[in-house]
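Remarks on the structure that follows.
The values are calculated or read from the model by the stated rules, or taken from the named source; none is laboratory data. Here the structure is a predicted model, which is why all the values come from computation and not from measurement. Cβ placement follows ideal geometry from the backbone for every residue including glycine, while neighbour counts extend to all protein chains displayed.
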Amino acid sequence: MRFALRAVLLLLALACSSAQAQLSIEITGGGANQIPIGVLRFAGEQALPQNISDIVEADLQRSGRFRMLFAGSVDPLPTEMAQVNFDDWKNRGGDALVIGSVVRLADGRYEARFRLLDIPRQTQIAGVAFTLTAQQVRATAHRIADMVYEKLTGDRGVFSTRIAYVVKQGSRYELQIADADGVGAQTALASREPIISPSWSPDGTRLAYVSFENKKPVVYVHSLVSGRRQVVANFKGSNSAPAWSVDGQQLAVVLSKDGGSQIYLIGADGSNPRRITQSSAINTEPFFAPDGQSIYFTSDRGGSPQIYRMGVTGGDATRITFTGNYNVSPRITPDGKTLIFIARENGRFQLKSLDLASGQAQALTDGQHDESPSIAPNGKMILYATQMSNRGSLAAVSIDGRVKQRLSVQAADVREPAWGPLFNN
Amino acid sequence: MKKLLALAAALALLAGCASTPMPESKAGVEDRTATGSAPVEQGSSAATPVAPQAEQQANPLKDPKNILSKRSIFYEYDKYEVRDEYKPLLQAHANYLSQHPGDKLLIQGNCDERGSREYNIALGQKRADGVKKILELMGVKDSQIESVSLGEEKPRCTEQTEECYAQDRRSDLLYPGEY
C-alpha cells in the first residue's frame, strides 16, 4: 500500500511531462445544412512554426457544420476585402471566406489579422488583430475558429477548450489533458491503479476524479495550476462519482460510509459532508442541472437503474426515464433542456438524448459499449467512450446525431472523457 | 503478489532442502569441498525468517483443504443476492472472525465490464455490503469488516465472453496482508 502511494507520488512528480501518445481525430459523418466556407492561407504565415489557416480550417471542418471550399493557390493572397474576387467565390457557391495576414513585429512577436467575409453580401462580418508569440499559434488559430463558428452558426465555439481523459497502457493509467482537437496532451496523473470519473471545475482550474491507488475508490481534487491534489472523500467504504456544483464550491459525491451508495454534498476541500439521498437503493452518478437548483442521478429504487431528479438539498425525487430497464449516466445540456444518458437495449449500451419538455427520446449512437458521455460547453457535441476492436477509444457525436468523430490513441485504451469549460475572454 | 513470490521462493528453497541427501550422496566422493551442499544449507537458513508464513498447515486461511481458503462469491448478471451455496463459506469466515476479534476483513465487490463504470461501483458496493450484512447477522462485529467496491476496474478475466464475465461478478474476502 505504502509502495503504491510512493509510486503514485513519484509519477506525480513527472506530471506535466508531455505525453507521447497523441489523440488522432477521424470524422465519420457529416452534418446537415453545412455552411460552405473558404479559408485562404494567411499572407506571411509561413514565418510561423505552423500555419494558422490550417488549424482554423481543421477546427471548422471537424465541427461538421461547414463544407470547406478548396482554397487552391489564390495568388496574390488577399489581405483586404477590396482584393477579394467575390464573383469567383459566389460562382463556387461560397457563403463565407476567411482571409488574413501575419507580420513579424520589432519585438520578435507577430501580429495576425483575420477577416471573415460574407460572400453574397460582399461585406465584412468580423475582423480582429492578435499579437502572439510563436508558442501561441495554435491558441490564436483556435480563437479565430471560435469567432468564425460563433458568427456563422450563432453558437459558441469550443475550439479553445480542453478535454481530459484516461489512457490505460498495460497496467499504467494516465489522466491526460489535451486541447479539444487532441493536440498537446499532458499527463496530470499517472498511477498503477485505475483512475475514473474525471470532472472539471466550472472555472477549468481543477479536476475531481476517483483514484484506486489506496485499493479502493477515493475522491481527489487536483489543481491543474499547482499540480497539487487533495483528498476530498476517503471514508470507510467507497467514495466516487464526483460532480461539481455550478458555483464550484461544492461537489456531489457518492459515499457508502453509512451503508449503500448514497449521494452527499461536500465542500470542494472535503469539508462538511451532508447526505441528500435517503432511499436504501443505489443512488449514484449525480449531475447538477445548469441552473444549480436540481441534481439528476441514477437509482435502482424502482427495481431497475433509472434516472431521477431531486432538489439540490434532497427531498422527493421525480423519475425521468421510463423506457427500458437500464438508463444511467445522466448529463444535462447547458440550456437545461436535454438529458443525455446511456441506455441498454438488447444488450447494447448506447447514447440517447431525451427532450425534457416533450419527453421525446432519440438514439444518438449505434455502438455496443458506449459510456461516460460528456457534453461540450456549447451543448452541440457529446464526447463519450466507446470500443473499437476490443479497445477503448473516444468518440464524439453532435447533439442531433449526424456528425460523428472518433478519437483514438495508438496502442492504448482511452476512456473516461470529460470536456472542459469555456473560458470567457 | 510480492508476498506470494516470497512464499514461492521460500517453498522452492524448502524443496531444495528436501533434496539435500541427493547432492550429498553424489558429493560423497569429494565430501570435504561440499560445494554442492553448502548453498543448500545457506538456502535453508535463508528460508528460516519466512518460515512462519510458510507454515501453511498452521494457517487455516491458507490451507487449501480448509473452507476458509475459499474467498470468492459469484453473482448472476445485474444481481447482488448471495446464493445459498455460499452460506457455509460465509459461516466459516464468520466463526473465524468471531474467534479472532483482532482480525479484520476487507470485502471487495466487483462487476463485469458491461454498463456504466460508476453504476458498477455502486453495484459492486451493493454486492460487498450484502456479504458484510450476512457476516454481521452471523455475529461478526461491524468494526471488523470494511466493504468496498472496485466496480468493473479490476477484472479477473478480460475476454468479452459470458464465462469471463461470470468470473468478474464477485465479492472477494481479503484478510490483512492480502491486498
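What do you reckon, is B:ARG117 touching a Ser or Thr at 6+ places or on another chain (Cβ under 8 Å) and either of a type outside the set (Asp, Glu) or surrounded by fewer than 18 Cβ atoms within 10 Å (Cβ to Cβ) (or both)?
So B:ARG117 passes the test.
Only residues that are buried (at least 20 other Cβ atoms within 10 Å of the Cβ) and of a type outside the set (Ser, Thr, Tyr): list them for the stretch A:261-272, please.
Residues satisfying the conditions are A:GLN262, A:ILE263, A:LEU265, A:ILE266.
Where in the stretch A:284-397 are there strands (runs of 3 or more DSSP E), lying wholly inside it, with at least 2 residues that are under 25 Å from A:VAL246 (Cα atoms)? Can you show your working first?
Numbers: elements: A:294-299, A:306-311, A:314-319, A:327-332, A:338-345, A:348-355, A:361-363, A:371-375, A:381-388.
Strands (runs of 3 or more DSSP E) meeting the threshold: A:294-299, A:306-311, A:314-319, A:327-332, A:338-345, A:348-355, A:371-375, A:381-388.
Which residue out of A:ARG406, A:ARG348, A:ARG402 is of a type in the set (Lys, Arg) and within 14 Å of chain B (Cβ to nearest Cβ)?
A:ARG348
Need the failing condition index for A:GLY170 against (1) more than 14 Å from every other protein chain (Cβ to nearest Cβ); (2) free of Cβ contacts under 8 Å to residues at least 60 places away in the same chain, just the number.
(1)
Within the stretch A:289-306, is even one residue away from chain B (no Cβ under 14 Å), modelled with pLDDT under 95 and either surrounded by fewer than 24 Cβ atoms within 10 Å (Cβ to Cβ) or under 26 Å from the mean Cα position of the chain (by Cα) (or both)?
Taking every residue of the stretch A:289-306 in turn, none turns out to be away from chain B (no Cβ under 14 Å), modelled with pLDDT under 95 and either surrounded by fewer than 24 Cβ atoms within 10 Å (Cβ to Cβ) or under 26 Å from the mean Cα position of the chain (by Cα) (or both).
Would you please list the contacts, defined by Cβ atoms under 7 Å and residues six or more apart or on different chains, that run from a residue in the stretch B:79-98 that is aromatic (Phe, Trp, Tyr) to a residue that is assigned to a helix (DSSP H, G or I)?
B:TYR80/B:LEU123; B:TYR80/B:LYS126; B:TYR80/B:ARG127; B:TYR80/B:GLY130; B:TYR96/B:LEU68
Taking the stretch A:218-256 as the search range and keeping residues that are of a type in the set (Ser, Thr, Tyr) and assigned to a strand (DSSP E or B), which one is surrounded by the fewest Cβ atoms within 10 Å (Cβ to Cβ)?
A:SER223
Taking the condition of being surrounded by 15 or more Cβ atoms within 10 Å (Cβ to Cβ) and either of a type outside the set (A, V, I, L, M, F, W, C) or more than 19 Å from A:GLU57 (Cα to Cα) (or both), how many residues in the stretch A:104-123 meet it?
Of the residues in that region, 4 qualify.
Does the stretch A:360-376 include one or more residues that are touching a residue at least 40 places away in the same chain (Cβ under 8 Å), away from every other protein chain (no Cβ under 14 Å), buried (at least 23 other Cβ atoms within 10 Å of the Cβ) and of a type outside the set (Phe, Trp, Tyr)?
Among the residues of the stretch A:360-376, at least one is touching a residue at least 40 places away in the same chain (Cβ under 8 Å), away from every other protein chain (no Cβ under 14 Å), buried (at least 23 other Cβ atoms within 10 Å of the Cβ) and of a type outside the set (Phe, Trp, Tyr), which makes the answer yes.
Could you say whether any residue in the stretch A:316-328 is within 21 Å of B:ASP129 (Cα to Cα), within 11 Å of chain B (Cβ to nearest Cβ) and buried (at least 21 other Cβ atoms within 10 Å of the Cβ)? Walk me through it before giving the result.
Our first condition is that a residue be within 21 Å of B:ASP129 (Cα to Cα); within the stretch A:316-328, this holds for none.
The answer is no; no qualifying residue exists.
For residues that are away from chain A (no Cβ under 13 Å) and of a type in the set (Asp, Glu), scanning just the stretch B:150-179, find the one that is nearest to B:GLU81 (Cα to Cα).
Checking each candidate, the answer is B:ASP168.
Could you tell me whether A:THR313 is β-branched (Val, Ile, Thr) and either within 28 Å of the chain's Cα centre (by Cα) or away from every other protein chain (no Cβ under 12 Å) (or both)?
Criteria met by A:THR313.
Check A:GLY157 against each of (1) touching a strand residue (DSSP E or B) at 6+ places or on another chain (Cβ under 9 Å); (2) within 29 Å of A:PRO198 (Cβ to Cβ); (3) part of a loop (DSSP other than H, G, I, E, B); (4) not aliphatic (A, V, I, L, M) and name the one condition it does not meet.
(1)
So, of the residues in the stretch B:89-116 that are within 14 Å of another protein chain (Cβ to nearest Cβ) and in a loop (DSSP other than H, G, I, E, B), which turns out to be nearest to A:TYR308 (Cα to Cα)?
B:SER116
Would you mind finding the one in A:ALA188, A:ALA134 that is more than 14 Å from chain B (Cβ to nearest Cβ) and buried (at least 20 other Cβ atoms within 10 Å of the Cβ)?
Sole residue among the options that is more than 14 Å from chain B (Cβ to nearest Cβ) and buried (at least 20 other Cβ atoms within 10 Å of the Cβ): A:ALA188.
Does A:ILE263 satisfy the criteria of being over 30 Å from A:ASP95 (Cα atoms), within 14 Å of another protein chain (Cβ to nearest Cβ), among the β-branched types (Val, Ile, Thr) and not in a loop (DSSP other than H, G, I, E, B)?
So A:ILE263 fits the description; yes.
When the residues of the stretch A:196-217 are filtered to those that are part of a loop (DSSP other than H, G, I, E, B) and more than 18 Å from A:SER256 (Cβ to Cβ), which remaining residue is nearest to the other protein chains (Cβ to nearest Cβ)?
As a first pass, look at the stretch A:196-217 and keep what is part of a loop (DSSP other than H, G, I, E, B): A:201-205, A:212-217.
Those still in the list that are more than 18 Å from A:SER256 (Cβ to Cβ) too: A:201-205, A:213.
Values: A:SER201: 19, A:PRO202: 20, A:ASP203: 24, A:GLY204: 22, A:THR205: 24, A:GLU213: 12 Å.
Filtering the stretch A:196-217 for residues that are part of a loop (DSSP other than H, G, I, E, B) and more than 18 Å from A:SER256 (Cβ to Cβ), the one nearest to the other protein chains (Cβ to nearest Cβ) comes out as A:GLU213.
Can you spot a residue in the stretch B:61-82 that is out of contact with any helix residue (DSSP H, G or I) (no Cβ under 8 Å at 6 or more places or on another chain), over 20 Å from B:GLU178 (Cβ atoms) and either surrounded by fewer than 16 Cβ atoms within 10 Å (Cβ to Cβ) or within 9 Å of chain A (Cβ to nearest Cβ) (or both)?
The answer is yes, given that some residue of the stretch B:61-82 is out of contact with any helix residue (DSSP H, G or I) (no Cβ under 8 Å at 6 or more places or on another chain), over 20 Å from B:GLU178 (Cβ atoms) and either surrounded by fewer than 16 Cβ atoms within 10 Å (Cβ to Cβ) or within 9 Å of chain A (Cβ to nearest Cβ) (or both).
Please state which one of B:TYR86, B:TYR119 is under 29 Å from A:SER304 (Cβ atoms), among the hydroxyl-bearing types (Ser, Thr, Tyr) and either away from chain A (no Cβ under 14 Å) or part of a loop (DSSP other than H, G, I, E, B) (or both).
B:TYR86
Out of all the residues in the stretch B:129-145, is one or more within 12 Å of chain A (Cβ to nearest Cβ) and within 18 Å of A:VAL328 (Cα to Cα)?
No - not one qualifying residue is present in the stretch B:129-145.
Which residues, taken from the stretch A:59-101, are at positive phi and surrounded by fewer than 18 Cβ atoms within 10 Å (Cβ to Cβ)?
Once the filter is applied, which keeps residues that are at positive phi and surrounded by fewer than 18 Cβ atoms within 10 Å (Cβ to Cβ), the stretch A:59-101 yields A:GLY72, A:GLY93.
Keeping to the stretch A:377-393, report how many residues are within 14 Å of another protein chain (Cβ to nearest Cβ) and within 16 Å of the chain's Cα centre (by Cα).
Final tally of qualifying residues: 3.
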